[in-house]
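Student: This is the structure I want to talk about, given as structure tokens.
The values are calculated or read from the model by the stated rules, or taken from the named source; none is laboratory data. From a predicted model like this one, the values you see are computed outputs, not experimental measurements. Methodologically, a virtual Cβ is constructed for each residue, glycine included, from the backbone with ideal geometry; neighbour enumeration extends over all protein chains shown.
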Amino acid sequence: MSTVFDFKGASGSGWSQPDSSFQNPDAIPESLRRKSLPGWPRASEPELVRHYTLLSQKTFGIDTGFYPLGSCTMKHNPRVNERIVQLPGIDRIHPLQDSSQVQGLLAIYYEMQEMLAICSGMDAVTLQPVAGAQGEFTAIRCIQEYHRSRGDDHRDKVIVPDSAHGTNPASASMCGYQIIEIPSASDGRLDIDALRAAVGDDTAAMMITNPSTMGLFETNIAEASRIVHEAGGQMYYDGANFNAIIGKTDPGRMGFDAVHYNLHKTFSQPHGGGGPGSGPIGVKEHLSEFLPTPIASRRESQEGEPNGVGDGFYYFWQDVGDKSIGKVQQWNGNAGAVVRAWAFYRRYGRDLERMSEHAVLNSNYLRHKIMNPEPDVAAKINCMPSEGSEADLVMHEFTLSMSPVKEVNGVTGKDVAKRLLDYGYMSPTLYFPQIVPECLMIEPTETESKEVLDKFAADFHAVLSEDPEILTTAPHTTPVKRVDEVWAARNLILRHPGNDED
Amino acid sequence: MIEGAASRETIEFLLTCSGVTGEPMVDQIPNLGRESEMLSEIGLSSMSDLFSNIPEGVRREDSLPLPPPQSEEQILEDARRLLGANVDLDSRPSFLSAGLARNFVPTMVPMLATRGEFLTSYTPYQPEVSQGMLQAMWEFQTMVSELVGLPISNVSMYDASTAAAEAITCAVRVKSKKATNPNSVFVSGLVPPHRLSVIRNYTQGVGIELHILPHNDDGSLDMETVSSAAGSSAVYVEQPNSLGILDEGLIGLKEIIGDSTALIVGVDAVSLGLVQPPGHWGADIVVGEGQPFGIGPTGGGPIYGIFACTKEFLRLMPGRVVGQSIDTEGKTAYTLTLSTREQHIRRHRATSNICSNETLIALMGAMHMSLLGPEGLEKLATRISSSTYAVMEAVTNIPGVELVNPGGAFFREFAIRLPGPAKDALSSMDEAGVLGGFDLGNWWEDMSDCLLIGCDEGITEPDISSLVDALKAWSGGIK
């Protein structure tokens, strides 16, 4: 297989640049000078355009096909958003420019802060954290400083359910907290008695997502908030599953003190092969003075001031003050992602509710289709998976357990996942949450049509009807066959060995 | 106290929003209008039935106080109007850098990186259908490794600051057994305050004590005090530092602190086309801002941080790593590896909480680096170096203006002392249509009469004349 390092054009070949009109040959002393250039490829634009086009064709995106990856909200990314972020008013903007020069960007920041506060029932929002995990970290830092400001330094435990995303315990642990993991109840929901037993005067916070990673709404959430608050702890909402609830309920109503949003899930910042994301946080008033600094603010324009965006306000970066935790990203967050998310939300406006409705509709519809095959189809299926939870209704995602299938013919969740790749789908999230054995976690999102969901259910049934050996050796039609992950970890070839002539 | 949202009953920002009619989001939700058909199949009668698990006490009854939905045309119109109110860096002579570059990004880069397959893919957990992105990241790792002179690179951190912060926590995990002061870390006093703040946030919870290393008047690290860092877990310095100074003394730093202390160096990635990479003078971890390769300043993000290290740190480093492998037929393939360090497996014992990173921007970086090639990199660095010295020569000829740190070598940035507040100079130059740099008083109070001037490959003779004229007009006026 060829790599970019196979391009070995003549010395000096590559991208053409103008010569500098300034000459300062001896500016950098000899002792500091690089002795030999890095072993980078030497390639022309046509060669590289083809190289990266071929690589893109060996990459599966939402644009390629249905991407039912649970907990990741792989919805369509509207293309106008990409056009907007190429405008010089965002692409060619420096975060340290004076507020007077970035009125439009500040107005968008302000509007996004307000919109996210409204949708979540929080009082203040910062857009600085650049990923969901960084949002968690930021919120836990604010909670930590809040406790310290009250002399509650002894609160050193953070409670997380065993179904939580791995980032929750990892983020709290980075702040120095000990993690108390509580087991889920038999229906997959939060175990209120276990929570009651876990809280105490050492509780700093509880981190939980609702709906849970099981796709279930935590019906006891208000009670959970009451228990944690009575113990003196703070409630933290992991916004990974926010796509399920906008306009229907919000973390404020559930009793949460802090929340992060994933602009790359709910608000369509493209996932880009793993990032960039954007993980703003919202907090209730008592935590707002600890937020990272600065946040976007505005006041009425004064006479003689430049016109700004023409709405009668002057926008500016407001310093959060002495109690602020400072910075978590060096500038003001992923502004490009904020602008994309702004363009996305503007498309729905007050009808964002429709988005969540259709996300939940598609999820329940697909779950029903998969679990209730027509009799003639059912007759051909070797063995059906079981529900990850037996609830009548799920929210935006659901889980299936392949355990029954594994028991009957040895086919694992991973085998099913790999076989689905042959049918032109991305696999569902595999083996998460860990409390469901042989778990497949499926989230269709609101941007898939009924026809796609019907076809996926039919193909899923077809997979379950196949000779088990076809599954255990899958995939068969992808650019490479099943990849040996153990080989990779054993040999650790983490870079190209280099070309001799370099 | 931050202004609360208590009064958010109606939205007051409607003036920024153009009017609308109809239901524009119909182009985004394919099943609009087919709800009853789908609901009846699952035995429900209304959309609200889907949400019956939400208890009454926490249910939202009213609708969201947000503006009406807009069509693509209207959104684009509003975006153009709002973002058009910003002053973009290319619209005037600009000398603002301070760690983020006004660069030229080759057209191929955004066009290819935003191909839908790259743009809309998730983390490549299924390697069989992600070979393209995985190979591109493996090539990225190789190019970063070559650039900084260390064998291992991950596939990106959020930015230079989180890369530096996580390098420090990583170094402490690795070195704490050998170090005599395992919780001590020494950081250059010229690390800019926003980065120091990120570092403090990331290190405070795990009990790391930060000590600040002083500098000499010429901006070089005070090597007399560096020996006090021996026995600590790590030393973090930057080359060039935040005042643009290339410090020859750093070349001998590793020898002073010894093997038991990790040397972490933050770099301006482009400078390494001219300047010796830290991996060649003993750095254990190299971090830095990757942004000059791949993407415009974008209001401060998304950008990406570089993270490279020696083998010693591999198993305790943060972030994703791609390794070469084989498939069941022995064919070369790529896959994520060493995942057992990561949060989705190791949970609270993970080496970092990082999950989403900056892969797409790193991909843009890989494309830009591939286009440049070795000689193109050297030329780009030379252009920036040349413009730095040309601008320096021109502005230091202005009466009353002097170089803050004379005698050293510089890359991209340098600081000048003015005959008055830098804040005033900047607003005066702004009126003359020149973005004259960065007021260092924002970082260090005792530098409020100092301006940090950033120079990039796009600076022209007329730009320099405009800067000099504007600065002269201001400094002449205050006498």
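Student: Can you name the residue in the stretch A:238-254 that is more than 8 Å from chain B (Cβ to nearest Cβ) and not in a helix (DSSP H, G or I) and is also surrounded by the fewest Cβ atoms within 10 Å (Cβ to Cβ) among such residues?
Tutor: First pass over the stretch A:238-254, keeping only residues more than 8 Å from chain B (Cβ to nearest Cβ): A:238-244, A:251-252.
Still in the list and also not in a helix (DSSP H, G or I): A:238-241.
Details: A:D238: 28, A:G239: 30, A:A240: 25, A:N241: 27.
So the residue we want is A:A240.
Student: For a quick check of your reading of the model, give me the residue pairs whose first member lies in the stretch A:281-305 and is in a helix (DSSP H, G or I), whose second is β-branched (V, I, T), with beta-carbon atoms closer than 7 Å and at least 6 apart or on different chains.
Tutor: Listed by first residue and then by second, the contacts come to A:L287/A:I143; A:S288/B:I2.
Student: Same structure again: Residues of the stretch B:237-259 being touching a helix residue (DSSP H, G or I) at 6+ places or on another chain (Cβ under 6 Å) and closer than 17 Å to B:N183 by Cα, which ones?
Tutor: B:I257
Student: Restricting attention to helices (runs of 4 or more DSSP H) lying wholly within the stretch A:74-188, give those where 3 or more residues are more than 20 Å from the chain's Cα centre (by Cα). Lay out the reasoning, then the answer.
Tutor: On the way: elements: A:80-84, A:88-91, A:103-120, A:132-149, A:167-174.
Filter on the stretch A:74-188 gives A:80-84, A:88-91, A:103-120, A:132-149.
Student: Scanning the stretch B:427-467 for residues that are surrounded by 21 or more Cβ atoms within 10 Å (Cβ to Cβ), of a type in the set (V, I, T) and assigned to a loop (DSSP other than H, G, I, E, B), which turns out nearest to the chain's Cα centre (by Cα)?
Tutor: Selected residue: B:I459.
Student: Shifting gears a bit: Based on this model, can you work out whether A:V160 counts as within 19 Å of B:H348 (Cα to Cα), in contact with a strand residue (DSSP E or B) (Cβ under 7 Å, 6 or more places away or on another chain) and modelled with pLDDT of 95 or more? First the steps, then the outcome.
Tutor: Details: within 19 Å of B:H348 (Cα to Cα): yes; in contact with a strand residue (DSSP E or B) (Cβ under 7 Å, 6 or more places away or on another chain): yes; modelled with pLDDT of 95 or more: yes.
The answer is yes for A:V160.
Student: Out of the residues in the stretch B:59-79 that are free of Cβ contacts under 8 Å to residues at least 40 places away in the same chain and within 7 Å of chain A (Cβ to nearest Cβ), state the one that is surrounded by the most Cβ atoms within 10 Å (Cβ to Cβ).
Tutor: Just the residues of the stretch B:59-79 that are free of Cβ contacts under 8 Å to residues at least 40 places away in the same chain, to begin with: B:59-64, B:73, B:75-76, B:79.
Of the ones still in play, those that are also within 7 Å of chain A (Cβ to nearest Cβ) are B:59-60, B:63-64, B:75-76, B:79.
Working: B:R59: 14, B:R60: 19, B:S63: 11, B:L64: 19, B:I75: 26, B:L76: 16, B:A79: 24.
My answer is B:I75.
Student: Quick one: is A:S288 within 30 Å of B:S130 (Cα to Cα) and either polar (S, T, N, Q) or modelled with pLDDT under 95 (or both)?
Tutor: Values: within 30 Å of B:S130 (Cα to Cα): no; either polar (S, T, N, Q) or modelled with pLDDT under 95 (or both): yes.
Criteria not met by A:S288.
Student: State whether one or more residues within the stretch B:338-350 are surrounded by 24 or more Cβ atoms within 10 Å (Cβ to Cβ), modelled with pLDDT of 95 or more and facing chain A (nearest Cβ under 7 Å).
Tutor: For the stretch B:338-350, residues surrounded by 24 or more Cβ atoms within 10 Å (Cβ to Cβ), modelled with pLDDT of 95 or more and facing chain A (nearest Cβ under 7 Å): absent.
Student: Given the conditions (1) over 30 Å from B:Q239 (Cβ atoms); (2) touching a Ser or Thr at 6+ places or on another chain (Cβ under 7 Å), which single one is not true for A:A43?
Tutor: It fails just one condition, (1).
Student: Among the residues of the stretch B:100-125 satisfying the criterion of being small (G, A, S) and at the interface with chain A (Cβ under 7 Å from one of its Cβ atoms), which is surrounded by the fewest Cβ atoms within 10 Å (Cβ to Cβ)?
Tutor: Here is the first cut: in the stretch B:100-125, the residues small (G, A, S) are B:101, B:113, B:116, B:121.
Narrowing further to those that are at the interface with chain A (Cβ under 7 Å from one of its Cβ atoms): B:116, B:121.
Details: B:G116: 17, B:S121: 30.
Selected residue: B:G116.
Per-residue answers, yes or no, for (1) within 20 Å of A:M74 (Cα to Cα); (2) touching a Lys or Arg at 6+ places or on another chain (Cβ under 9 Å):
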{"position": "A:K380", "(1), (2)": "no, no"}
{"position": "A:S389", "(1), (2)": "no, yes"}
{"position": "A:E407", "(1), (2)": "no, no"}
{"position": "A:T412", "(1), (2)": "no, yes"}
{"position": "A:G424", "(1), (2)": "yes, no"}
{"position": "A:K455", "(1), (2)": "yes, no"}
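Student: Anything in the stretch B:318-334 that is at the interface with another protein chain (Cβ under 7 Å from one of its Cβ atoms) and over 26 Å from the mean Cα position of the chain (by Cα)? List them, or say none.
Tutor: Within the stretch B:318-334, B:Q324, B:S325, B:I326, B:D327, B:T328, B:E329, B:K331, B:T332, B:A333 qualify.
Student: Look at the stretch A:31-52 and say how many of its residues are assigned to a helix (DSSP H, G or I) and either within 7 Å of chain B (Cβ to nearest Cβ) or touching a Pro at 6+ places or on another chain (Cβ under 8 Å) (or both).
Tutor: Of the residues in the stretch A:31-52, 6 are assigned to a helix (DSSP H, G or I) and either within 7 Å of chain B (Cβ to nearest Cβ) or touching a Pro at 6+ places or on another chain (Cβ under 8 Å) (or both).
Residue-wise test of (1) surrounded by 15 or more Cβ atoms within 10 Å (Cβ to Cβ); (2) in contact (Cβ under 8 Å) with a residue 60 or more places away in the chain; (3) not β-branched (V, I, T).
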| residue | (1), (2), (3) |
| --- | --- |
| A:D152 | yes, yes, yes |
| A:R155 | yes, yes, yes |
| A:V160 | yes, no, no |
| A:A164 | yes, yes, yes |
| A:A170 | yes, no, yes |
| A:S173 | yes, no, yes |
| A:Y177 | yes, no, yes |
| A:S186 | no, no, yes |
| A:D191 | yes, no, yes |
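Student: A follow-up question, please. Filter the stretch A:3-30 down to residues that are outside any loop (DSSP other than H, G, I, E, B) and either more than 23 Å from A:G498 (Cα to Cα) or facing another protein chain (nearest Cβ under 8 Å) (or both), then give me how many there are. Working first, answer last.
Tutor: Of all residues in the stretch A:3-30, those outside any loop (DSSP other than H, G, I, E, B) come to A:4-6, A:8, A:30.
After this cut, where a residue has to be either more than 23 Å from A:G498 (Cα to Cα) or facing another protein chain (nearest Cβ under 8 Å) (or both) as well, the list is A:4-5, A:30.
So the answer is 3.
Student: Could you count how many residues in the stretch B:43-69 are closer than 18 Å to A:H368 by Cβ and in contact with a Phe, Trp or Tyr (Cβ under 6 Å, 6 or more places away or on another chain)?
Tutor: 1
Student: What's the number of the only condition in (1) part of a loop (DSSP other than H, G, I, E, B); (2) farther than 30 Å from B:L451 by Cα that B:I75 fails to meet?
Tutor: Among (1) part of a loop (DSSP other than H, G, I, E, B); (2) farther than 30 Å from B:L451 by Cα, the lone unmet condition for B:I75 is (1).
Student: For the stretch A:353-404, how many residues meet the condition of being among the polar types (S, T, N, Q) and either farther than 15 Å from B:I42 by Cα or in the same structural domain as A:S163 (by TED's automatic domain parsing) (or both)? Outline the logic, then answer.
Tutor: Here is the first cut: in the stretch A:353-404, the ones among the polar types (S, T, N, Q) are A:356, A:362-364, A:372, A:382, A:386, A:389, A:399, A:401, A:403.
Next cut, either farther than 15 Å from B:I42 by Cα or in the same structural domain as A:S163 (by TED's automatic domain parsing) (or both) only: A:356, A:382, A:386, A:389, A:399, A:401, A:403.
Final tally of qualifying residues: 7.
Student: How many residues are part of a helix (DSSP H, G or I) and touching a residue at least 12 places away in the same chain (Cβ under 8 Å) when one looks only at the stretch B:197-211?
Tutor: At the first step, the residues of the stretch B:197-211 found to be part of a helix (DSSP H, G or I) are B:197-206.
Going one step further and asking which of them are touching a residue at least 12 places away in the same chain (Cβ under 8 Å), we end up with B:198-199, B:201-203, B:206.
Looking only at that region, the number is 6.
Student: Sticking with this structure for a sec: Quick check: anything in the stretch B:386-396 within 7 Å of chain A (Cβ to nearest Cβ), surrounded by fewer than 24 Cβ atoms within 10 Å (Cβ to Cβ) and free of Cβ contacts under 8 Å to residues at least 60 places away in the same chain?
Tutor: Yes, the conditions are met somewhere in the stretch B:386-396.
Student: Got a number for residues in the stretch A:463-494 being at the interface with chain B (Cβ under 9 Å from one of its Cβ atoms), free of Cβ contacts under 8 Å to residues at least 24 places away in the same chain and outside any helix (DSSP H, G or I)?
Tutor: So the count comes out to 8.
Student: Still on this structure, please answer the following. Among the residues of the stretch A:70-87 satisfying the criterion of being within 17 Å of B:G84 (Cβ to Cβ) and either among the aromatic types (F, W, Y) or free of Cβ contacts under 8 Å to residues at least 60 places away in the same chain (or both), which is surrounded by the fewest Cβ atoms within 10 Å (Cβ to Cβ)?
Tutor: A:Q86
Student: Identify, please: which residue in the stretch A:323-360 is assigned to a loop (DSSP other than H, G, I, E, B) and under 20 Å from the mean Cα position of the chain (by Cα) and is, among those, nearest to A:H94 (Cα to Cα)? Walk me through it before giving the result.
Tutor: In the first step, residues of the stretch A:323-360 are kept if they are assigned to a loop (DSSP other than H, G, I, E, B); the result is A:323-334.
The next check asks that each one be under 20 Å from the mean Cα position of the chain (by Cα); those that pass are A:328-329, A:332-334.
Numbers: A:V328: 18, A:Q329: 15, A:N332: 10, A:G333: 12, A:N334: 12 Å.
Within the stretch A:323-360, the match that is nearest to A:H94 (Cα to Cα) is A:N332.
Student: If you don't mind, there's one more thing I want to ask. Is it the case that B:A160 is within 18 Å of the chain's Cα centre (by Cα), at the interface with chain A (Cβ under 7 Å from one of its Cβ atoms), at pLDDT 95 or above and at positive phi? Full working, then the answer.
Tutor: On the way: within 18 Å of the chain's Cα centre (by Cα): yes; at the interface with chain A (Cβ under 7 Å from one of its Cβ atoms): yes; at pLDDT 95 or above: yes; at positive phi: no.
No, not satisfied.
Student: Report the residue count in the stretch A:255-269 for those that are touching a Ser or Thr at 6+ places or on another chain (Cβ under 7 Å) and among the polar types (S, T, N, Q).
Tutor: 2
Student: Then there is this: Answer yes or no as to whether B:V155 is in a loop (DSSP other than H, G, I, E, B) and in contact with a strand residue (DSSP E or B) (Cβ under 7 Å, 6 or more places away or on another chain).
Tutor: On the way: in a loop (DSSP other than H, G, I, E, B): yes; in contact with a strand residue (DSSP E or B) (Cβ under 7 Å, 6 or more places away or on another chain): yes.
Answer is yes for this residue.
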